[in-house]
Amino acid sequence: MNPALPLADLSRACVHTITTKPWPIETAAAKYAAAGFGGITVWREALKGRNVAATGRLLREHGLSVVSLCRGGFFAATTAAERSRALDENRRAVDEARALGAPKVVLVCGAVPGQSLTESRLQISDAVAALLPHCEQAKVGVAIEPLHPMYADNRSAVNTLRQANDMAERIGSPLVGVAVDVYHVWWDPDLEVEIARSGRLGALMAFHECDWLTPTADLLNDRGLMGEGCIPLRQIRAWVEAAGFRGHVEVEVFSNRLWAMDQDEVLGRIVRAIQDHA
Ligand code: ZN
């Protein structure tokens with residue numbers, strides 16, 4: 001399959017507020033809209049101390065689609081009490097998404113050092129199923145995001161798109177899907193096949209872009225802007241679009257380097273990175 005064409009206009013692109021973490025959400029929304037972005041994804045911490053519904057209205061007044069709320073998850077735990085607390089926290093995240101007007105919560109599913117990944121996956125699958133009635137009531141979906149295996153110790157036992165698809169297929173609800181983040185899955189030899197499968201399942205809820213730096217200096221906060229690394233971005237976007245995805249291309253860059261810079265300069269770089277590489 002040929003790589004995708006350049007993204008013609010920014011109305012199909014979205015920025016995750018974590019990417020410009022130094023900006024309060026009000027500033028981020030105004031700047032993203034002024035730059036021409038069509039969407040915004042909201043990091044839950046960005047809502048601290050704010051009226052969530054009023055913040056959602058503000059984002060829409062800027063003409064931005066609220067693409068996702070990030071993040072829920074962290075379901076795996078060694079005790080039933082902790083798992084129950086995690087489920088309650090996820091119900092709150094679903095309520096927040098509903099108040100914000102976000103159609104879905106993205107899930108970083110969790111893992112516990114020393115607990116088998118198989119056991120964690122069972123706990124995650126059970127938790128997502130247990131969360132589903134609350135999602136149905138709120139009309140809010142959840143997107144299972146597989147994380148790169150370097151995070152399998154303590155962030156997610158779901159490490160491939162196949163595992164995420166398996167979970168979504170088993171649960172079998174239109175409100176349970178997957179998020180494809182190029183940073184986590186670009187290396188996977190089954191990626192093209194599994195993206196097509198996500199499409200057939202009707203499960204392709206989100207598509208996140210950034211890039212993989214060589215060397216990577218920090219496991220969490222050293223992602224690159226699109227074009228700074230080695231991920232075949234347009235190839236993966238072509239697969240996602242061939243699978244029927246018509247949502248926003250979401251820029252999600254956790255980066256100490258970028259957070260230390262002038263954020264207007266960062267947003268300018270994001271715009272150019274999308275035009276040249278996304
Ligand atoms: Zn992501």
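Name the single residue that is most open to solvent (accessible area, probe 1.4 Å) among those in region 206-226 being among the acidic types (Asp, Glu) and more than 12 Å from the ligand (Cβ to nearest atom).
Asp218
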Condition broken by Ala164, with the remaining ones in (1) in contact (Cβ under 8 Å) with a residue 60 or more places away in the chain; (2) under 26 Å from Glu192 (Cβ atoms); (3) among the small types (Gly, Ala, Ser) satisfied: (1)
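Being within 15 Å of the ligand (Cβ to nearest atom) and open to solvent by 70 Å² or more (accessible area, probe 1.4 Å) is true for just one of Lys21, Lys48. Which residue is that?
Lys21
Return the residues of region 161-186 that are within 15 Å of the ligand (Cβ to nearest atom) and open to solvent by 30 Å² or more (accessible area, probe 1.4 Å); say none if nothing qualifies.
Trp186
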Unique residue being aliphatic (A, V, I, L, M), buried (at least 24 other Cβ atoms within 10 Å of the Cβ), touching a residue at least 24 places away in the same chain (Cβ under 8 Å) and within 18 Å of His16 (Cα to Cα) when the list is Ile40, Ile124: Ile40
Qualifying residue in region 71-80 (condition: away from the ligand (no atom under 16 Å from the Cβ), open to solvent by 50 Å² or more (accessible area, probe 1.4 Å) and within 19 Å of the chain's Cα centre (by Cα)): no
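If you take the residues of region 55-70 that are open to solvent by 40 Å² or more (accessible area, probe 1.4 Å) and either touching a helix residue (DSSP H, G or I) at 6+ places or on another chain (Cβ under 6 Å) or among the small types (Gly, Ala, Ser) (or both), which of them is farthest from Met205 (Cα to Cα)? Full working, then the answer.
Here is the first cut: in region 55-70, the residues open to solvent by 40 Å² or more (accessible area, probe 1.4 Å) are 57-58, 60-63, 65.
In the following step, the residues that additionally are either touching a helix residue (DSSP H, G or I) at 6+ places or on another chain (Cβ under 6 Å) or among the small types (Gly, Ala, Ser) (or both) were identified as 62-63, 65.
On the way: His62: 23, Gly63: 21, Ser65: 14 Å.
Ranking the qualifying residues of region 55-70, first place goes to His62.
The values are calculated or read from the model by the stated rules, or taken from the named source; none is laboratory data. All values reported here derive from a predicted model rather than from experimental measurement. Cβ coordinates were reconstructed from backbone atoms using ideal geometry, including for glycine residues, and neighbour counts include every protein chain displayed. Heavy atoms of the whole protein, side chains included, go into the accessibility calculation; ligands, DNA and RNA do not. Shrake-Rupley method; radii C 1.70, N 1.55, O 1.52, S 1.80 Å.
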